[in-house]
Amino acid sequence: MDKSNLNNNNKTLDVLLILFLPLLFAPFIISKKLLNIFIYCSNEYPYTLSFIKFAILATFGEIVSYRISRKSYPDKSFGILPKMVVWGILGMAIKASFVIFGSGSVALLNSIIPSIKLTVLSTKGFSYLKLFASFFVSLTMNLVFAPVMMTCHKMLDIIIIESNGTFRGFFKKNSFGNLLSKVNWEEYGGFVLAKTIPFFWIPAHTITFLLPASFQVLFAALLSIMLGIFLAYKPKSKNKI
């Protein structure tokens, strides 16, 4: 494909990229019936819907990030399908963390400050106690769960990269030590863990826990798109993955 055809193809894909989210959400905005179905399914099948939301939205975020940072679109070696599966599984884990910390962290907070009730996050409307409880849940979740989840995600990404975007790498013997040795800890630990958690994820998930439970995972998946865009503008090291 010559350069002019490639540019035209990229422009077409850019239009689709820009329209993707509006077209995805428009039916639910236009139709109250569809919105109610979405809310019902999110409540009745939370882990299935969490898989779907993250598989679609978080992978979309990676494609957007790739387009911005590399000025091109990913080829087959990017591994869209393996990434969707990984993000889907992570989405289920994130939903589980919302349940665990949404209850456990509030119980801990209640044991310290009894005036903050166990039901504080489910109360309607806004209050400063609800905001503080949301912040506390976000703080504990991001300090305890997020580093482990992010590190697992990084290792799974390395497997996908080394298998040229196929599922083949998941069926090979992989050593944790070997995978961890390939992570650029100066960049990943010093930036992703040390900066995005306190300055992005903790504030962002404070908002997440102020939302109704049926919209929390969706909002979290959208946050992954935002972070992907931010990270696209950060220079990447070429030494390690």
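The values are calculated or read from the model by the stated rules, or taken from the named source; none is laboratory data. Computed from a prediction, not measured in an experiment: that's the story for all the values here. Cβ: placed from backbone, ideal geometry, glycine included. Neighbour counts: every protein chain shown.
Residues in the stretch 170-192: is at least one assigned to a helix (DSSP H, G or I), touching a residue at least 60 places away in the same chain (Cβ under 8 Å) and either closer than 22 Å to Ile29 by Cα or in contact with an Asp or Glu (Cβ under 9 Å, 6 or more places away or on another chain) (or both)? No, the stretch 170-192 contains no residue that is assigned to a helix (DSSP H, G or I), touching a residue at least 60 places away in the same chain (Cβ under 8 Å) and either closer than 22 Å to Ile29 by Cα or in contact with an Asp or Glu (Cβ under 9 Å, 6 or more places away or on another chain) (or both).
If only residues of the stretch 20-76 that are among the small types (Gly, Ala, Ser) and outside any helix (DSSP H, G or I) are counted, the one that is nearest to Thr166 (Cα to Cα) is Ser72. Take Ser134 and decide whether it is touching a His at 6+ places or on another chain (Cβ under 7 Å), touching a residue at least 40 places away in the same chain (Cβ under 8 Å) and part of a helix (DSSP H, G or I). No.
Of all residues in the stretch 36-79, those satisfying the criterion of being of a type in the set (Ser, Thr, Tyr) and either without any contact (Cβ under 8 Å) to a residue 24 or more places away in the chain or surrounded by fewer than 19 Cβ atoms within 10 Å (Cβ to Cβ) (or both) are Tyr40, Tyr45, Tyr47, Thr48, Tyr66, Ser69, Ser72, Tyr73, Ser77. Of the residues that make up the stretch 142-164, is at least one assigned to a helix (DSSP H, G or I), within 18 Å of the chain's Cα centre (by Cα) and among the charged types (D, E, K, R)? Looking for residues that are assigned to a helix (DSSP H, G or I), within 18 Å of the chain's Cα centre (by Cα) and among the charged types (D, E, K, R), one finds at least one in the stretch 142-164, hence yes. Please give the number of the condition Leu231 fails out of (1) under 18 Å from the mean Cα position of the chain (by Cα); (2) at pLDDT 90 or above; (3) surrounded by 18 or more Cβ atoms within 10 Å (Cβ to Cβ). With (1) under 18 Å from the mean Cα position of the chain (by Cα); (2) at pLDDT 90 or above; (3) surrounded by 18 or more Cβ atoms within 10 Å (Cβ to Cβ) applied to Leu231, the lone miss is (2). Could you say whether any residue in the stretch 98-111 is in contact (Cβ under 8 Å) with a residue 60 or more places away in the chain, surrounded by 12 or more Cβ atoms within 10 Å (Cβ to Cβ), within 19 Å of Ala221 (Cα to Cα) and not basic (Lys, Arg)? Yes; the residues of the stretch 98-111 include at least one that is in contact (Cβ under 8 Å) with a residue 60 or more places away in the chain, surrounded by 12 or more Cβ atoms within 10 Å (Cβ to Cβ), within 19 Å of Ala221 (Cα to Cα) and not basic (Lys, Arg).
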